[in-house]
Amino acid sequence: MAGNTFGRIFTVTSFGESHGPAIGCVVDGCPPGLALSADDIQKDLDRRKPGTSRHVTQRQESDTVEILSGVFEGKTTGTPIALLIRNEDQRSRDYGNLIDTFRPGHADYTYWQKYGIRDHRGGGRSSARETAVRVAAAAIARKWLAEKHGVVIRGYLSQLGPIDVPFQSWEAVRSNPFFAANTGLIANLESFMDDLRKAGDSVGAKITTIAEQVPVGWGAPVYAKLDSDLAAAMMSINAVKAVEIGSGFASVAQRGSEHGDELTPEGFVTNHAGGILGGISTGQDIVVTIGIKPTSSIRIPRKSIDKQGNPVTVETNGRHDPCVGIRATPIAEAMMALVLMDHALLNRAQNADVKTQTPKIPGAVIRRTLTPNKESAAKIDSDPAEA
């Protein structure tokens, strides 16, 4: 199977299956001298791991990471960093009825047609379990980006099913299992998810991820655009069906006089472009929103076929997230970090000596009282602390 390596300079090659003995990755291209320990990685894995609330899968995995190589005396050596996460709570018997059938909405059918063999236990390689190693690898990238450039990457749930979740504060994100930036809506989200689980159904979500203090100049026009790499990275996350940069689809209804982000000596006036122009970072916040489909594994009987093409009815048992978007925020943050790390190193390799006489102007300070792809992208706040 090809297609298991991400990145050009800072690369991540992942391996393992949902119900195999372990999952892991090899991170190559990390600069030497970065102080790194398992604790630096574990804190991000703990934000993503299953079983953290009644609203997600009850699979109990500690997601304890082991660093097997690439770190000596507490610092990266510049050699490949191998990370391992052992699977501890597989329950393969829950998938015994799926050996000869295909779950609607899953990769079962396409995987079987492409390879002629598949691990039916929890989706095998196509399971979202694989995203744990992305979060682990990205923890390395996040630390380097923060230390070298002051880059801060944060995300939040901006919509759960039909419920919009307007941005309130970053502090709110840390205080609830939804990664919602609005404490006033947690009770509604709890009630909605409880009803959904009882019904045996699922729902989708929107996740907004923002990178602050990204220097101007990362990315390249044509085939190495920063936004195209971000879009591809986000689409590689399981269940993601849409990606917006900045105002995204709202740009369709905007006039050019509204959408084009004006420049002044004091800085940009708005950030409809989401911090990227011509594939190159502007120095403003990079804003990416993803749309996640409803979980395909549900208890409600669905029509399908078996390997012989005969009609069957599939009812998926086992432990599943009624909304995979609830745990997706750390994953979206991770993919943004991996892309930015790769582009930071690409820029350093070719353009480290480039200097211009034009001052680097600050980005617009956006008041995120609504989701960034709506009119909030055009509202300016006089207090940076509220951004």
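The values are calculated or read from the model by the stated rules, or taken from the named source; none is laboratory data. All values derive from a computational prediction rather than experimental measurement. So basically every Cβ, Gly included, is an ideal-geometry build from the backbone, and we count neighbours across all protein chains shown.
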Checklist entry - So, of the residues in region 232-277 that are among the small types (G, A, S) and free of Cβ contacts under 8 Å to residues at least 24 places away in the same chain, which turns out to be farthest from A328 (Cα to Cα)? => result S257
Checklist entry - Taking region 269-326 on its own, how many of its residues are of a type in the set (S, T, N, Q) and out of contact with any strand residue (DSSP E or B) (no Cβ under 7 Å at 6 or more places or on another chain)? => result 8
Checklist entry - Is region 108-121 home to any residue that is buried (at least 21 other Cβ atoms within 10 Å of the Cβ) and in contact (Cβ under 8 Å) with a residue 60 or more places away in the chain? => result yes
Item to check | Breaking point among (1) at pLDDT 95 or above; (2) of a type outside the set (S, T, N, Q); (3) closer than 24 Å to Q308 by Cβ, for P80 | outcome: (3)
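Are any residues in region 45-77 modelled with pLDDT under 65 and either of a type in the set (D, E, K, R) or on the phi < 0 side of the Ramachandran plot (or both), and if so, which ones? Show your work before the answer.
First pass over region 45-77, keeping only residues modelled with pLDDT under 65: 50-53, 56-60.
Within region 45-77, P50, T52, S53, V56, T57, Q58, R59, Q60 qualify.
Quick grid of which residues meet (1) aliphatic (A, V, I, L, M); (2) surrounded by 24 or more Cβ atoms within 10 Å (Cβ to Cβ); (3) at pLDDT 95 or above:
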residue	(1), (2), (3)
A205	yes, yes, yes
T208	no, yes, yes
A231	yes, no, yes
M235	yes, no, yes
I280	yes, no, yes
I286	yes, yes, yes
T289	no, yes, yes
Checklist entry - Checking D89 against (1) at pLDDT below 80; (2) assigned to a helix (DSSP H, G or I); (3) of a type in the set (D, E), which single condition isn't satisfied? => result (2)
Next on the checklist: Among the residues in region 239-255, are any touching a helix residue (DSSP H, G or I) at 6+ places or on another chain (Cβ under 8 Å), of a type outside the set (S, T, Y), at pLDDT below 95 and farther than 24 Å from A344 by Cα?
Outcome noted: yes
Next on the checklist: Pairs needed: first member in region 170-199, in a helix (DSSP H, G or I); second member anywhere, of a type in the set (S, T, Y); C-beta distance under 6 Å; at least 6 residues apart or different chains.
Outcome noted: A172/T183; V173/Y156
